[in-house]
Amino acid sequence: DEEFDELCFEFGLELDEITSEKEIISKEKGKEKAKGASDVILYKIDVPANRYDLLCLEGLVRGLQVFKERINLPRFEKIIPAEGEGQRLIITEQTAQIRPHAVAAVLRNITFTKDRYDSFIDLQEKLHQNICRKRALVAIGTHDLDTITGPFTFTAKAPSEIKFKPLSQSQEYTASQIMDLYRTDSHLRHYLHLIENKPRYPVIYDSNGVVLSMPPIINGDHTKITLNTRNVFIECTGTDITKAKIVLDIIVTMFSEYCEKPFTVEAVEVVCPNGKTHIYPELAYRTEKVKPEYINKKVGISETPSSLAKLLTRMCLKSHVTGNGNHLEVEIPPTRADIIHACDIVEDAAIAYGYNNIQMVIPKTYTIANQLPLNKLAELLRLDLAAAGFTEALTFALCSQEDVADKLGTDISATNAVRIANPKTAEFQVARTTLLPGLLKTIAANRKMPLPLKLFEISDIVVKDPNTDVGARNYRHLCAVYYNKSPGFEIIHGLLDRVMQVLEVPPNEENGYTIKAAEGTAFFPGRCAEVFAKGQSIGKLGVIHPDVITKFELTMPCSVLEINIEPFV
């Protein structure tokens with residue numbers, strides 16, 4: 001496991017965790033639900049979003065093998081069938097309004113096993129979520145070619161005219177009924193909106209009128225792939241032709257290794273509405289020229305051109321030195337759509353060289369770095385609060401509206417809170433305007449702990465401010481809470497005096513700090529004071545109102561201090 005983790009890191013990936021299906025389910029849903037789940041060890045690997053070629057086991061293993069120099073990068077070959085023998089996909093002009101583009105390819109004499117098949121389906125799903133933008137840009141359909149006869153037609157028809165048996169269903173439905181059928185389907189309902197309100201739905205037929213698929217929703221059951229499938233017809237339809245070509249290239253390059261002639265793909269002729277024909281997949285190789293000194297300078301290394309060529313070849317970019325050693329010719333394979341600019345080649349050279357092997361040097365620019373004064377002050381205060389016997393808590397910067405308003409006895413409009421437009425959970429609706437709710441919730445979660453509980457937090461709060469460019473402003477607050485059988489106001493007051501002592505602010509009105517009796521909705525009447533320093537009000541201290549305590553599900557009295565520390569920077 002450790003060696004594999006190390007290998008992933010060297011290759012620019014991250015082994016996120018080593019787990020099993022059972023562990024995942026018991027974490028998310030509890031041990032009861034996990035009974036009977038598989039114990040097989042699973043590696044969770046984080047793949048960068050630009051590397052579509054590593055999204056399945058086949059591509060990942062191939063990439064790592066080439067990186068370890070155990071195999072050479074395979075060369076992908078497109079086989080163009082003899083005249084009249086190949087498959088054709090004809091696009092009609094009706095598709096122009098909804099999904100105008102389509103590309104296709106055939107994998108001949110492929111051998112599936114359960115694992116290969118699962119990986120094949122899994123890759124399509126990952127591509128759908130990633131480059132296909134949840135099927136909005138591209139939708140992939142894969143079919144058993146032996147169950148259908150070409151040429152195929154990609155057209156768009158009124159929903160009532162389309163009728164077929166969708167994948168894994170037992171009867172035929174019209175397209176409108178299919179939409180209703182999948183409205184409750186946890187997986188497919190997210191894609192219905194893509195075509196739902198259009199007058200025509202896209203659909204692909206074979207020459208006998210058999211429906212292959214209704215992209216981007218569902219394939220037909222007639223053409224479904226099984227473990228016995230030998231020939232696979234792959235079509236990608238979409239609104240972005242470049243993305244569709246990339247997706248098709250990735251699928252065929254990943255799975256052509258299981259064909260009888262490995263790494264070969266049979267081309268399909270696609271006829272556009274204007275009569276032009278294109279041959280897909282493109283499987284285009286191209287060469288880029290990069291200067292070795294450009295790579296060395298950008299990465300901060302000094303490698304010879306030939307060793308740079310070797311590094312790039314290990315990253316699936318076959319390279320060799322040309323022209324007296326002052327140029328590298330780099331071949332970009334069809335699997336690497338992410339190589340757009342020379343800097344992408346430089347990045348791969350750096351990964352192969354090993355980020356940890358790059359020597360650290362002092363930057364050429366002459367600057368002396370400093371800690372932000374506010375952060376420095378916060379760090380120093382943290383130490384002194386801890387020395388005073390208080391425990392630091394770190395709580396979420398977002399909370400619910402009740403936490404900052406109702407539970408503290410004020411109205412949400414009075415708090416000036418910044419609201420989140422589409423909160424995922426009720427717990428995270430607004431940015432906190434005070435640190436108090438977070439600490440009270442922390443105490444509520446730790447009621448089993450021995451009393452007294454003394455907690456503090458120094459963090460930012462956020463309030464609306466129309467005068468700033470973003471419409472809000474952060475303030476660094478210090479909040480401390482004392483929770484015990486008696487309110488302990490004197491302890492919190494003592495803490496305030498200690499904080500002022502370490503800040504060297506004397507207890508007087510002219511140039512120091514004072515406290516004056518005040519009222520606050522969250523505080524017990526007559527047990528609240530406002531703190532003034534540097535000629536301004538910086539916060540309050542006092543005993544919490546019993547209503548507030550019960551609303552936070554606490555049972556003991558509690559005193560609190562909350563001040564803004566920015567005036568002391």
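Numbers for the structure displayed
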read-out: Filter result for residue 483 (assigned by the TED database to the domain that holds residue 377, open to solvent by less than 20 Å² (accessible area, probe 1.4 Å), of a type outside the set (A, V, I, L, M, F, W, C) and touching a helix residue (DSSP H, G or I) at 6+ places or on another chain (Cβ under 7 Å)); value: yes
read-out: Complete set of residues in the range 275-321 that are among the charged types (D, E, K, R), within 22 Å of residue 63 (Cα to Cα) and surrounded by fewer than 18 Cβ atoms within 10 Å (Cβ to Cβ); value: 282, 286, 288, 310
read-out: Verdict on residue 186 being free of Cβ contacts under 8 Å to residues at least 24 places away in the same chain and open to solvent by less than 90 Å² (accessible area, probe 1.4 Å); value: yes
read-out: Members of the range 518-554 that are closer than 23 Å to residue 400 by Cβ, among the polar types (S, T, N, Q) and touching a residue at least 24 places away in the same chain (Cβ under 8 Å); value: 521
read-out: Selection count, the range 193-212, where residues are among the charged types (D, E, K, R), open to solvent by less than 60 Å² (accessible area, probe 1.4 Å) and under 34 Å from the mean Cα position of the chain (by Cα); value: 1
read-out: Tabulated pairs, the range 347-372, first polar (S, T, N, Q), second open to solvent by less than 60 Å² (accessible area, probe 1.4 Å), C-beta under 9 angstrom, 6+ apart or interchain; value: 357/301; 359/300; 359/301
read-out: Residue 461 being open to solvent by less than 30 Å² (accessible area, probe 1.4 Å), among the hydrophobic types (A, V, I, L, M, F, W, C) and either free of Cβ contacts under 8 Å to residues at least 60 places away in the same chain or assigned to a loop (DSSP other than H, G, I, E, B) (or both); value: yes
read-out: So residue 559, is it among the small types (Gly, Ala, Ser), surrounded by 13 or more Cβ atoms within 10 Å (Cβ to Cβ) and closer than 21 Å to residue 388 by Cα; value: yes
read-out: Members of the range 18-49 that are open to solvent by 90 Å² or more (accessible area, probe 1.4 Å) and either hydrophobic (A, V, I, L, M, F, W, C) or touching a residue at least 40 places away in the same chain (Cβ under 8 Å) (or both); value: 40, 41
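Every residue, every condition in (1) open to solvent by 60 Å² or more (accessible area, probe 1.4 Å); (2) out of contact with any Leu (no Cβ under 9 Å at 6 or more places or on another chain); (3) in contact (Cβ under 8 Å) with a residue 24 or more places away in the chain, yes or no:
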position: 74; (1), (2), (3): no, yes, yes
position: 88; (1), (2), (3): yes, yes, yes
position: 112; (1), (2), (3): no, no, yes
position: 119; (1), (2), (3): no, no, yes
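The values are calculated or read from the model by the stated rules, or taken from the named source; none is laboratory data. Since we're looking at a predicted model, the values are computed, not measured. Note that each Cβ is placed from the backbone with ideal geometry, even for glycine, and that neighbours are counted across all protein chains shown. Areas reflect the complete protein model, heavy atoms only, side chains present, ligands, DNA and RNA absent. Shrake-Rupley method; radii C 1.70, N 1.55, O 1.52, S 1.80 Å.
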